[in-house]
Amino acid sequence: MNNTVFFLALLMETILVSNVVLAQFLGICPFLGVSRKLDSAIGMGVAVIFVLLLATAVTWPIYTYLLYPKFAYLQTLVFILVIAALVQLVEIFLARFVPALYKSLGIYLPLITTNCAVLGVTINCIDFEYNFVTSLVYAFGIGVGFLLAMVLFAGVRSRIDESGIPQSFRGMPITLIAASIVSMAFMGFSGIATGIFGISI
Amino acid sequence: MKSKDILFNGILKENPTLVLILGTCPTLAVTTQASNGLGMGLATMAVLICSNIAISLLRNIIPDKVRIPCYIVFISGFVIIVGLVMEAFVPSLYDALGLYLDLIVVNCIILGRAEMFASKNTVFHSMLDGIGMGIGFTLALLMMGSIREILGSGTWFGLTIIPSSISPIAIMMLAPGGFFVYGCLIALVNTIIRKRGGTPVDKSNGCMGCASFDACRAAGTASEKGGCC
């Protein structure tokens, strides 16, 4: 019971309060690049959730049982290589066995290797000293938070495209300022996890 | 291309942060204080110069098919070295940068320069390119950090600039302030480019300048209009 409450609070914290994109600034590149259309935003978001879960499930045991404590300093190098290899494997696997899924998610996979959210989350799981299950819940929450931010922002951007904007602000500047406002809206959630569940993360 | 042009290319004409809009995560995340921005910029510059030199030296040896993983190994090796040096000599900055120091590995500027410049040019030119791009990135981060620190807490490098009787705009130190200041800076740079008769790079279209451009092109998904966006 206690665990369930903790996981729910952790999910709410990662999805709403400290949203991966809007509060922690991880994965800004795909957030700004791929959020122009709703379907590509969803595709990217789902691909990120998938890779995040896989990457965490693989890197956590590697760190805990192989690297720690003697080779802990190799963390960054090992993690990024594992993530890169993993993304490649997933791509090959999907292309061979699930071509329908590959068609919709395949184009986002090469981009995910350089998505700092993936490396950031796997390192955070170690830094926060989460156990295996908590790490997976954390990764899932971060992924859903990413998807939520992408989908919301795709809606915001479709409005921006139709409005008259001063010439200098067209394109990236107005997108960033819109992101600032969305981020401000998310600040309204601060403290909600502690308020509802009575525990602080 | 002359050496001088390569050096200044990264500082002004193709400033990675403000013109090409690469490496956005650290730009937004660590610039709550001018000193953090400067530290992050210098750390990234060190990694960029080293990786550019190493990759340029080995550009004829690294097989084309596995070049991206090779680049990543070099880059993360240098990131580890820079991280260990910073932990030993500037522990306060190391703590302030935290996770984002490790994330230099996935900074698109570094992989982008490896792919677009160092793998095709001589060692000396690659080093100059690394220095130029590094200075451009550092200056942009220093500028972001200065604006946010002065507006957000009334200080600059810890020195009080705005008297405490005027209450600072605290939101500048928080996430929304980061997005806002970055957006305004890019708009300013776009205006300057246009005043001087150029056309600003429109990142909202096309895959050019994206670090994953070559990966996507190999997969056949990149296009003028952007494969994934």
Extension gain (nm, one decimal) between A:Tyr65 and A:Ala185, 0.36 nm per residue minus Cα-Cα: 39.1 nm
Convex hull volume per residue for the range B:101-145, taking Cα atoms only, in Å³: 73
Cα-based convex hull, the range B:3-215, per residue volume (Å³, whole number): 127
Label-point gap, in nm, between A:Val156 and A:Leu8 - each point 7 angstrom along Cα→Cβ: 2.9
For chain A, built as a Gaussian network whose Cα springs stay under 10 Å, the top-fluctuating residue of A:Ala47, A:Ala149, A:Ala72: A:Ala72
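With the other protein chains left in place, how much accessible area per residue, in square angstrom, belongs to chain A at a 1.4 angstrom probe? All intermediate terms of the calculation are to be shown ahead of the outcome.
Details: 8880 Å² over 201 residues.
For chain A, the solvent-accessible area averages 44 Å² per residue.
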Interchain or long-range residues, amide H under 5 Å from B:Leu20's placed H: B:Asn15
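For the range A:5-87, which trypsin sites (Lys or Arg not before Pro) are both in a DSSP coil and crowded by at most 14 other Cβ atoms within 10 Å? Provide the component values of the computation, followed by the final result.
Details: sites: A:Arg36, A:Lys37, A:Lys70; in loops: A:Arg36, A:Lys37, A:Lys70.
Hits after loop and neighbour filter: A:Lys37, A:Lys70.
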Estimated translational D of the range A:3-191 in µm²/s (Stokes, Kirkwood radius over Cα pairs; 20 °C; 1.002 mPa s): 123
20 Å reach of a label modelled at B:Val85, 7 Å along Cα-to-Cβ, counting backbone N of the range B:1-38: B:35-38
Normalised alpha carbon radius of gyration of the protein assembly as shown [divisor 2.2 N^0.38 Å]: 0.95
Cα-based Rg and Dmax for the range A:32-109, where Dmax is the largest Cα-Cα distance (Å): 14.9, 46
Distance in nm between pseudo-label sites at A:Phe132 and B:Ala170 (7 Å out along the Cβ direction from Cα): 4.3
Using a Förster distance of 30 Å, the FRET efficiency for B:Val66-A:Leu101 (Cβ separation, nearest 0.05): 0.70
Normalised contact order of chain B, rounded percent, pairs of Cα under 8 Å and 6 or more residues apart: 31
Relative contact order [Cα under 8 Å, 6+ residues apart], the range A:3-191, whole percent: 42
³J(HN,Hα) computed for each position of the range A:175-191 - Karplus, 6.51 cos²θ - 1.76 cosθ + 1.60, integer Hz, glycine/proline x: 4, 5, 5, 5, 4, 4, 5, 4, 4, 5, 4, 5, 5, x, 7, 4, x
Per-residue [θ]222 nm for the protein assembly as shown (sum of -39500 (n - 2.57) over DSSP H runs n ≥ 4, rounded to 500): -20500 deg cm²/dmol
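Inside 10 Å of the C-beta atoms of A:17-28, what's the mean count of C-beta atoms belonging to other chains?
On the way: counts 0, 1, 1, 0, 3, 3, 4, 6, 13, 7, 3, 11.
Counting Cβ atoms of other protein chains within 10 Å of each residue's Cβ and averaging gives 4.
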Phi to ³J(HN,Hα) by Karplus 6.51 cos²θ - 1.76 cosθ + 1.60 over the range B:124-136, Hz, x for Gly, Pro: 5, 5, 5, 5, 4, 4, x, 5, x, 4, x, 5, x
Lys pairs, chain B - Cα-Cα below 28 angstrom, 8 or more residues apart or on other chains: 20
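The values are calculated or read from the model by the stated rules, or taken from the named source; none is laboratory data. Quick caveat: nothing in here was measured; it's all calculated off a predicted structure. Quick reminder, even Gly has a Cβ in these numbers, built from the backbone with ideal geometry, and neighbours come from all protein chains shown. In case anyone asks, the SASA skips ligands and DNA or RNA and just uses the protein heavy atoms, side chains included. Shrake-Rupley method; radii C 1.70, N 1.55, O 1.52, S 1.80 Å.
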